[in-house]
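Visitor: The structure's right below; bear with me while I get my questions together.
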Amino acid sequence: MKNRELIVPVFLKEGKILRGPLMTDEEITDASSFASSCENFGADAFLIFDLSDTDAEHDQSIGLIKTISRSTDLPLYGGGNIRRLEDVKKLIYAGCKKVFLNFSKESNVKLSKEASDRFGHERLMACVGTKEEYALAVSNAAYLEGILVRMELTVSACEDVWEDIYLEMDEFGTDAAAVSLSENAATGVFCKTFSGEEFPFLEVKHDLIQRGIPANVFESSLAWSDIKTGSDGLLPVVVQDYCTLEVLMVAYMNEEAYQTTIRTGRMTYWSRSRGELWVKGLTSGHFQYVKELAIDCDNDTLLAKVAQIGAACHTGHRSCFYRPILQKEYDSSNPMKVFEEVFAVIEDRKVHPKEGSYTNYLFDKGIDKILKKVGEEAAEIIIAAKNPDPEEVVYEISDFLYHVMVLMAERGLTWEDITRELAKR
């Protein structure tokens, strides 16, 4: 049986993110923090409704969707104000894994085939609220991957056509979720409103599992009894930032800390100095949210990859390992580090111009000059690749990447934006 998803609804209107579909609903002011917080607390996906009326508002919504996409690894399902194929493309390019078409609109029904041919049926869903709309979706099932069922129509009234059926509920409560999921084939549940980004999604999921309904929770493939601890019953844990792989700290777990970490998704340790369970960040707010746990070859050391909020070290440093005691000069060739360092210099030039700087010359000349140079350097790569000396290709690609980074800085993009997009492909 497929795990059920708990999905966070997001409503976009007039350049704002709202907790509900009405302008009187509470506004979410920090899209990035909202998105990452929902992920950290155990949500499975975001369902984004663009309630805009004009093209200008629609573009504002696309910008907000990009912000959300850059701030979370969760899938985004988006729709609303879709009038043409270009609107579907914008949603996909903004970061939506799937786009839903409103089947109460004849234009959206007609668009399903064209959009499916262009982007693939796996990127499209239908949104229905009546049996008639559902019948239209069935007749177009070849162009659709899933279906969103609004509250007017229960899933039990639908045939089992799709693997992915998402159900809307009035309330995001455990009882409501259990009833809705146990009585039909829905694979996901979303609600009109919920209490906030710190909603206990994981707790709801564990409650569902107790009722025999599968949900996405952390599960360890290794029992505590299979782990080798020290004579004190403790397991050393090396903690890394899941994105940069920077080592943040080392701590210890006993069995209770291990099980609590798996259940809550928050790194929990045993404090040797205080002799008590220690939820990292409970006092400081600098929580660590689990991304991955791995055991070493001897089953006696844990490696935790986490999303770190704030500083890992009690001194305020990002990492506890900020004091080198021996260091030899070496050439760091970590590609991401090199890209980020060069890009940081380019961004600094934009903010703090330097006389005689070629980078500032490009910024001063503007986007057309930058684009011209990008095009010229791309052509130089083609020419160099026809020659036998590979060093020429290395030189020209380096030139090209530099100018691309200038373009990125000019348009407000970062390497994180690029790598996140590549990782999704």
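The values are calculated or read from the model by the stated rules, or taken from the named source; none is laboratory data. Quantities reported herein were computed from a predicted structural model and do not represent experimental measurements. All Cβ positions, even for glycine, are placed from backbone atoms using ideal geometry, and neighbour counts span all protein chains on display. Note: areas computed on protein heavy atoms with side chains; ligands, DNA, RNA excluded. Shrake-Rupley method; radii C 1.70, N 1.55, O 1.52, S 1.80 Å.
Visitor: For region 347-418, state which trypsin sites (Lys or Arg not before Pro) are in a DSSP loop and have at most 12 other beta carbons lying within 10 Å of their beta carbon.
Guide: In loop regions of region 347-418 (DSSP not H, G, I, E or B), the sparsely surrounded trypsin sites (Lys or Arg not before Pro) are Lys354, Lys386, Arg411.
Visitor: A further question on this structure: In a GNM of the chain with a 10 Å cut-off on Cα contacts, which of Ala215, Ala379, Ala177 has the highest mean-square fluctuation?
Guide: Looking only at Ala215, Ala379, Ala177, the largest GNM fluctuation is found for Ala379.
Visitor: Then there is this: For the chain, what is the accessible area per residue in Å², given a 1.4 Å probe and the full set of protein chains?
Guide: The answer is 52 Å² per residue.
Visitor: While we're looking at this one, here's another question. Identify, among His58, Ile92, Tyr77, the residue whose Cα sits farthest towards the positive end of the charge dipole of region 44-154, taking +1 on the Cβ of Lys and Arg and -1 on the Cβ of Asp and Glu, with the dipole about the Cα centre.
Guide: Checking the options against the dipole of region 44-154, the answer is Ile92.
Visitor: With a 1.4 Å probe and all protein chains left in place, how much of the accessible area of the chain comes from carbon and sulfur atoms, in whole percent? Write down the numbers at each step before the final one.
Guide: Working: 11430 of 22300 Å².
C and S fraction of accessible area: 51 percent.
Visitor: Largest first, how would Tyr166, Tyr93 line up by accessible area (1.4 Å probe)?
Guide: Putting Tyr166, Tyr93 in descending order of accessible area: Tyr93, Tyr166.
Visitor: Separate question: Taking θ as phi - 60°, what are the ³J(HN,Hα) couplings along region 87-93 by the Karplus curve (6.51, -1.76, 1.60), each to the nearest whole Hz, with x for Gly and Pro?
Guide: Each residue of region 87-93 in turn: 5, 5, 4, 4, 5, 5, 5 Hz.
Visitor: Checking the a/c ratio against 1.5 first, then a/b against b/c, what shape does the Cα gyration tensor give for region 195-314?
Guide: On the way: a/c = 1.59, a/b = 1.20, b/c = 1.33.
It is oblate, given that a/c is not under 1.5 and a/b is not larger than b/c.
Visitor: Can you give the helix-only mean residue ellipticity at 222 nm for the chain, where every DSSP H stretch with n ≥ 4 adds -39500 (n - 2.57) and the sum goes over all residues, rounded to the nearest 500 deg cm²/dmol?
Guide: Dividing the helical sum by the residues of the chain leaves -12000 deg cm²/dmol.
Visitor: What's the FRET efficiency of Leu401 with Glu256 using the Cβ-Cβ distance as r and R₀ = 41 Å, to the nearest 0.05?
Guide: Once rounded, the FRET efficiency stands at 0.25.
Visitor: Using the Karplus curve 6.51 cos²θ - 1.76 cosθ + 1.60 with θ = phi - 60°, what ³J(HN,Hα) values do you get for each residue of region 233-247, in whole Hz, with x for Gly and Pro?
Guide: x, 10, 10, x, 10, 8, 10, 10, 5, 5, 8, 8, 6, 5, 6
Visitor: Can I ask one more? Separation between the Ser231 and Leu303 pseudo-spin-labels, each 7 Å from Cα along Cα→Cβ, expressed in nm?
Guide: 2.9
Visitor: Students sometimes get this wrong: rank Lys291, Lys205 by accessible area, probe 1.4 Å, all chains present, largest first.
Guide: Sorted by accessible area, descending: Lys291, Lys205.
Visitor: Taking 7 Å along the Cα-to-C-beta vector as the label spot, tell me the Gln210-Trp415 distance in nanometres, rounded to one decimal.
Guide: 4.7
Visitor: Then there is this: Length gain on complete extension for the stretch Arg118 to Ala56, per 0.36 nm per residue less the alpha carbon to alpha carbon distance?
Guide: This chain segment gains 19.9 nm when fully extended.
Visitor: Could you give the nm distance between label points at Ser357 and Val279, where each point is 7 Å from its Cα heading toward the beta carbon?
Guide: For the pair Ser357/Val279, the computed spacing is 4.5 nm.
Visitor: Please get the size of the charge dipole for the chain, origin at its Cα centre, with Cβ charges of +1 on Lys and Arg and -1 on Asp and Glu, quoted in debye to the nearest 20.
Guide: 240
Visitor: In addition: Which cross-chain or sequence-distant (5 or more) residues have an amide H under 5 Å from the amide H of Thr301, H modelled 1.01 Å from N in plane?
Guide: Distant-sequence amide H within range of Thr301: Asp296.
Visitor: Considering the chain as a Gaussian network with a 10 Å cut-off on Cα pairs, which listed residue, Leu362, Leu248, Leu208, attains the greatest mean-square fluctuation?
Guide: Leu362
Visitor: Which of the listed residues, Phe218, Ser180, Tyr322, is farthest toward the dipole's positive end in the chain, when Lys, Arg count +1 and Asp, Glu count -1 at the beta-carbon?
Guide: The listed residue farthest towards the positive side: Tyr322.
Visitor: Quick check on the chain: of the DSSP beta bridges with both residues there, what percent are antiparallel, nearest 5%? Walk me through the numbers on the way to the answer.
Guide: Values: 23 of 61 bridges.
Roughly 40 percent of the beta bridges in the chain run antiparallel, per DSSP.
Visitor: I need the P(r) histogram for region 1-76: all alpha carbon pairs, bin width 5 Å from 0 out to the longest distance, whole percents.
Guide: Over region 1-76, the share of Cα pairs per 5 Å bin runs 3, 17, 27, 25, 16, 7, 3, 1, 0 percent.
Visitor: Right, next: Using 0.36 nm times the number of residues separating Lys337 and Thr315, minus their current alpha carbon distance, what extension gain do you get?
Guide: Result: 5.4 nm gained on full extension.
Visitor: Continuing with this model, one more query. Taking GluC sites (Glu not before Pro) as candidate sites, keep only those in a DSSP loop with at most 16 other Cβ atoms within 10 Å, then name the longest stretch of the chain containing none of them.
Guide: Within the chain, the longest run free of exposed GluC sites (Glu not before Pro) spans 27-151.
Visitor: Hey, another quick one. What list of ³J(HN,Hα) couplings, whole Hz, do you get for region 50-55 from phi and the Karplus terms 6.51, -1.76, 1.60, once you set θ to phi - 60° and write x for glycine and proline?
Guide: Coupling constants for region 50-55: 8, 9, 5, 10, 10, 5 Hz.
Visitor: Now for a separate question. Would you grab the residues whose amide H sits under 5 Å from the one on Leu248? Only those 5+ places off in sequence or on another chain, please, with H modelled 1.01 Å from N.
Guide: Amide H neighbours of Leu248: Val239, Gln240, Asp241.
Visitor: Give me D for the chain in µm² s⁻¹, whole number, from Stokes-Einstein with Rh from the Kirkwood sum over alpha-carbon pairs, 25 °C and 0.890 mPa s.
Guide: Numbers: Rh = 24.7 Å.
Result for D is 99 µm²/s.
Visitor: Shifting gears a bit: Please find, in a Gaussian network model of the chain (springs between Cα atoms separated by less than 10 Å), the residue of Ala141, Ala304, Ala384 whose mean-square fluctuation is greatest.
Guide: Looking only at Ala141, Ala304, Ala384, the biggest GNM fluctuation is shown by Ala384.
Visitor: Right, another one. Specify which residue in the list Leu101, Pro353, Leu282 is farthest towards the positive end of the charge dipole of the chain, using unit charges on the beta carbon of Lys, Arg (+1) and Asp, Glu (-1), about the Cα centre.
Guide: Going by the charge dipole, the pick is Pro353.
Visitor: Could you tell me the ratio Rg/Rh of region 268-355? Both radii from Cα atoms, Rh via Kirkwood.
Guide: Details: Rg = 18.5 Å, Rh = 17.0 Å.
Taking Rh as the inverse mean 1/r over Cα pairs, Rg/Rh reads 1.09.
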